[in-house]
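Single-structure report; data block below.
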C-alpha cells in the first residue's frame, strides 16, 4: 500500500472564525456531538487512541484560559493583569488523513497492520514535537477516509497562546520582527513573515513525511500535484512501498542492537545475584556457628573460645569477600556503563552512516547510468559496474535489488531523451544532472568501510 499523505495544523479561539469554527465547535465535532455532526452520514463515536476524550480536553482548556492572563503596563508604571481575550487562539489542532478508504483498513483487512503502524508513527512524532502539551488524539472511521484529530494545549503559558505552538507561526513572527528591525515598512514585513511561514510549513510537511510517511510506505505528494501519468504514479507508489520496507528493515537492525544492550543489563543483574548468593552463604555459616555454640553449652568454656575464634575468622572472611566482590561489581558496572555509552554512540553512527552511504551510492549509480559506467549485462539480469569500488559498495549495502528498477527506469528515460537531443545537448543534460547528484554522491561524514 502507498499513497499521498498530509498533516494540517490549525489553531482556534473561543470566538468563531469567518466559517463558524471555534474551540467549542472543533471539540464537539471531534466528539461527534449531534449539533456538529450533520455533515456525516451515520456518525460514530470517535476512538480514543491517546490521552483524554475531547469533552475532557474542553474542560481542561476552559480551566487553563480562566487561570490565564496578560500583563499590561499602566500609565503610572504599575503592572496590571488582564483576562485572556476571546479572540486569542488557545487551542492547536493537528489532522492527519490516511490515503485508503475506511473499509480497506477495517479490522481483519490486509492493510490493517500498515494503518496501525501509521497511527503509532503519528503519535510518536507528535509527542516528540509537542511533549506534554499533546493531550488527546482521536480516530474517526465514520467518513470516506480514516483520519485522526490531535489536540494540543499551551500548558505552562500564562498567555494561553496556541499559535506559538505551531513551528511555522513562530518563524513568521520572528521574520516579521527581523524585517521591522531592519527598517522595512509594516506591509513588507508582513509579506516577509508570510513567506517565512509558508517555507517553514513546507519544511514541516517534509519532516512529517520523513518521520511518518516514509516509514509507513506513503508518498510525499499525489499524482495530480506532480502531474504524473498513471504508470508513473504506480511506479512512484511502488517505490514508496519499497522505501517503507527498507526503513522497517533498518529499524529491525536497530532493535537488534537494543536487544544486545538489554543483554548487557541482564549480565549485570546476574553478577549482582551471584554476589548476593555468596553473602547469603556467608551469613548461613555465621548462623551455624552461633547455633553450634548454643548446642555445646556443656562444654561452654572450650566451645565458647572456639566459637569466638571461628566467628572472628568468618567475619573477617565475610568482610574481605564482600569488599572484594563489591569492588569487582563496581568495576564491572563501570565497564558495562562505558560499553553501553560506546555501544549507543556506535549504534547512532552506524544508522546515520548507513543512510548517508545508501544515498551516496544510489546517487553514484544514477551518475554511472548517465555516463554509461553502470549498465545491465547482455541478458539484463544483473548490473555491471566499471567502478569496482561502486560495485563493492552496492553489494555491501545489499541494495542491488532496490536500485535495479530505478536503473531500468532512468536508463529508459535517458535513452529516450538522448535520442531526441544532439550529442552536445545530450552531454550538456548529462553534466547538469550529474551536478545535481554530485552533492548527494559525496558522503557527509567520514563514511564506513565494509
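The values are calculated or read from the model by the stated rules, or taken from the named source; none is laboratory data. In this text the structure is predicted, and so the values were computed from the model without any measurement. For neighbour counting, all protein chains shown are included, and Cβ atoms are generated from backbone atoms with ideal geometry for every residue, glycine included.
For the stretch 377-391, a residue qualifies if it is touching a strand residue (DSSP E or B) at 6+ places or on another chain (Cβ under 9 Å) and either part of a helix (DSSP H, G or I) or within 20 Å of residue 415 (Cβ to Cβ) (or both), and the qualifying residues are 377, 382, 383, 384, 385, 386, 390, 391. Here the condition is being in the same structural domain as residue 105 (by TED's automatic domain parsing), crowded, with 21+ Cβ neighbours inside 10 Å and either farther than 24 Å from residue 96 by Cβ or touching a residue at least 12 places away in the same chain (Cβ under 8 Å) (or both); of 150, 216, 158, it holds for 150 alone.
Within the stretch 182-197, restricting attention to residues that are in a helix (DSSP H, G or I) and without any contact (Cβ under 8 Å) to a residue 12 or more places away in the chain, the residue that is nearest to the chain's Cα centre (by Cα) is 191.
Please determine whether any residue of the stretch 107-122 is assigned to a strand (DSSP E or B), closer than 25 Å to residue 212 by Cα, in contact with a helix residue (DSSP H, G or I) (Cβ under 9 Å, 6 or more places away or on another chain) and in contact (Cβ under 8 Å) with a residue 24 or more places away in the chain. Within the stretch 107-122, not a single residue is assigned to a strand (DSSP E or B), closer than 25 Å to residue 212 by Cα, in contact with a helix residue (DSSP H, G or I) (Cβ under 9 Å, 6 or more places away or on another chain) and in contact (Cβ under 8 Å) with a residue 24 or more places away in the chain.
Counting only residues that are under 24 Å from residue 418 (Cα atoms), without any contact (Cβ under 8 Å) to a residue 40 or more places away in the chain and in contact with a helix residue (DSSP H, G or I) (Cβ under 9 Å, 6 or more places away or on another chain), the stretch 387-404 holds 1 of them. Applying the condition of being touching a helix residue (DSSP H, G or I) at 6+ places or on another chain (Cβ under 9 Å) and outside any helix (DSSP H, G or I) to the stretch 331-376 and asking which residue is modelled with the lowest pLDDT yields 376. Check the stretch 372-388 and report whether any residue there is under 29 Å from residue 348 (Cα atoms) and surrounded by 12 or more Cβ atoms within 10 Å (Cβ to Cβ). For the stretch 372-388, residues under 29 Å from residue 348 (Cα atoms) and surrounded by 12 or more Cβ atoms within 10 Å (Cβ to Cβ): absent.
Matching residues to (1) in the same structural domain as residue 119 (by TED's automatic domain parsing); (2) out of contact with any strand residue (DSSP E or B) (no Cβ under 8 Å at 6 or more places or on another chain); (3) surrounded by fewer than 12 Cβ atoms within 10 Å (Cβ to Cβ):
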{"residue": "46", "(1), (2), (3)": "yes, no, no"}
{"residue": "49", "(1), (2), (3)": "yes, no, no"}
{"residue": "57", "(1), (2), (3)": "yes, no, no"}
{"residue": "63", "(1), (2), (3)": "yes, yes, yes"}
{"residue": "70", "(1), (2), (3)": "yes, no, no"}
{"residue": "73", "(1), (2), (3)": "yes, no, yes"}
{"residue": "86", "(1), (2), (3)": "yes, no, no"}
{"residue": "95", "(1), (2), (3)": "yes, no, no"}
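Do we have residue 395 as part of a helix (DSSP H, G or I), in the same structural domain as residue 436 (by TED's automatic domain parsing), in contact with a strand residue (DSSP E or B) (Cβ under 7 Å, 6 or more places away or on another chain) and modelled with pLDDT under 85 here? In short, no. Residue count for the stretch 309-354 satisfying the condition of being over 29 Å from residue 270 (Cβ atoms) and exposed (fewer than 13 other Cβ atoms within 10 Å of the Cβ): 3. There is at least one residue in the stretch 336-353 that is more than 30 Å from residue 397 (Cα to Cα) and without any contact (Cβ under 8 Å) to a residue 24 or more places away in the chain.
One residue is enough: does the stretch 137-147 have a residue meeting the conditions closer than 20 Å to residue 205 by Cβ, more than 22 Å from the chain's Cα centre (by Cα) and in contact (Cβ under 8 Å) with a residue 40 or more places away in the chain? Yes, some residue in the stretch 137-147 is closer than 20 Å to residue 205 by Cβ, more than 22 Å from the chain's Cα centre (by Cα) and in contact (Cβ under 8 Å) with a residue 40 or more places away in the chain. Would you confirm, using the coordinates I've provided, whether residue 16 is assigned to a loop (DSSP other than H, G, I, E, B) and touching a helix residue (DSSP H, G or I) at 6+ places or on another chain (Cβ under 9 Å)? Judged against the criteria, residue 16 is a match. Cβ separations smaller than 6 Å between residues 6+ apart or across chains give the following pairs from the stretch 362-386 residues that are in contact (Cβ under 8 Å) with a residue 40 or more places away in the chain to residues that are in a strand (DSSP E or B): 365/374. The criterion of at least 1 residues that are more than 17 Å from residue 136 (Cβ to Cβ) is met by the following strands (runs of 3 or more DSSP E) wholly inside the stretch 30-104: 70-73, 79-82, 89-97. Would you call residue 131 surrounded by fewer than 15 Cβ atoms within 10 Å (Cβ to Cβ) and assigned to a loop (DSSP other than H, G, I, E, B)? No, not satisfied.
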